[in-house]
1. Pick out, from segment 77-132, the strands (runs of 3 or more DSSP E) lying fully within it that include 1 or more residues that are at negative phi, touching a helix residue (DSSP H, G or I) at 6+ places or on another chain (Cβ under 8 Å) and of a type in the set (A, V, I, L, M).
2. For Ser56, which of the numbered conditions (1) buried (at least 16 other Cβ atoms within 10 Å of the Cβ); (2) over 24 Å from Val174 (Cβ atoms); (3) polar (S, T, N, Q); (4) at pLDDT 95 or above fails to hold?
3. When you scan segment 174-286 for helices (runs of 4 or more DSSP H) that lie fully inside it, which ones turn up with 2 or more residues that are of a type in the set (S, T, N, Q)?
4. Yes or no: segment 93-109 includes at least one residue that is in contact (Cβ under 8 Å) with a residue 40 or more places away in the chain, among the polar types (S, T, N, Q) and either closer than 29 Å to Met232 by Cβ or buried (at least 16 other Cβ atoms within 10 Å of the Cβ) (or both).
5. Which of the numbered conditions does Asp81 fail, given that it passes all the others? Conditions: (1) out of contact with any Gly (no Cβ under 9 Å at 6 or more places or on another chain); (2) modelled with pLDDT under 95.
6. Tell me, which residue of segment 1-31 that is touching a residue at least 40 places away in the same chain (Cβ under 8 Å) and of a type in the set (Ser, Thr, Tyr) is nearest to Val73 (Cα to Cα)?
Amino acid sequence: MSTKDSRRNIRELDYEGIKALVESLGEKSFRAKQLYDWLHVKCADGFGEMTDLSLSLRQKLEAAYDASLPEAVKIQESKLDGTKKYLFALKDGQLIEAVKMEYHHGVSVCISTQVGCRMGCAFCASTLGGLVRNLSRAEMLSEIYAITRLEGKRISNIVMMGIGEPLDNYDEAVAFLHMISDERGMNISPRNITISTCGLVPGIMKLAEEKLPVTLALSLHAADDEKRKKIMPVAKSYSIAELMEACDSYFEKTGRRISFEYALIKGENDSDEDAARLAGLAAKRRVHVNLIPVNPVTERGLTQPDGAAVRAFLKKLQDKNVTATVRRELGRDIDGACGQLRRKSL
């Protein structure tokens, strides 16, 4: 339910901001560490939980700031693999999704970076209603903290691959990266964070300069410009040649290997020629190719190739010395794909 609460979300303040706030309230400097700890380590849901802060300080903070976490209005758990999908309600009533996946190496969470999306990719449910607004760094952090509380488990990996295009919300996404990896907070290594993009070249170039060793996942989905334009409108702005130049620059500057995400769509991008073109782009760059049999989205009418066709496409890449895998399909029975749960709820 929408509310008129105009208080600022306190999690928008980094450590220096919290220090300045505490000093401005006439408190001793050690209170900043306590407050930051409650917000970013203990994942407090409101000031009421911060019992080692004085009542008067909590009341002052409460008057000007909000420290609540978003409410999970719906949680779906896969009977197939234990993947969980959360539908969170934000303060203004908007809905976003996050997904928790468990692997042998730890707990991975996929977060949203926008409410809706304006990229218009043909296979994606997130973009059907267009972009509503960007998420703030605090809202992105809160997805992680709310799941940490609900699950009682430490999150080890983050994928910025939920609803939205992270590089279309560049400043807030990068601020989130700095805060989630801050050793005084959650301290999640940037090496355990993947940022997904549909290919905004200026954003990739800018991110390369941030000196954040995050993994870049490029949503490629077609290896020639004409096919890519049909599937992804962003391809009308940036050619594959420009994209590859940006990826090469990212690798040069960060030393981080890039992955190509490739949604296999029956009859669209799954031919022998498609495999050969993709191998040509991938082999010379030592990228990892993630093949994803496309998630069926009712409104789009796209279907995935059958298992034999997927395995054949994979083998064609591997025969050309491309490191490629078929992504484990997690949460298929719980609207696992981006935007499906939000779309149904709307």
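The values are calculated or read from the model by the stated rules, or taken from the named source; none is laboratory data. Because the structure is a prediction, the values reported are computed rather than measured. Here Cβ is always computed from backbone atoms with ideal geometry, including for glycine, and neighbour counts include all displayed protein chains.
1. The strands (runs of 3 or more DSSP E) meeting that bar are 84-89, 95-103, 106-110.
2. (1) is the only condition that Ser56 fails.
3. Those helices (runs of 4 or more DSSP H) span 240-254.
4. Yes, segment 93-109 has at least one match.
5. (1)
6. Within segment 1-31, the match that is nearest to Val73 (Cα to Cα) is Ser2.
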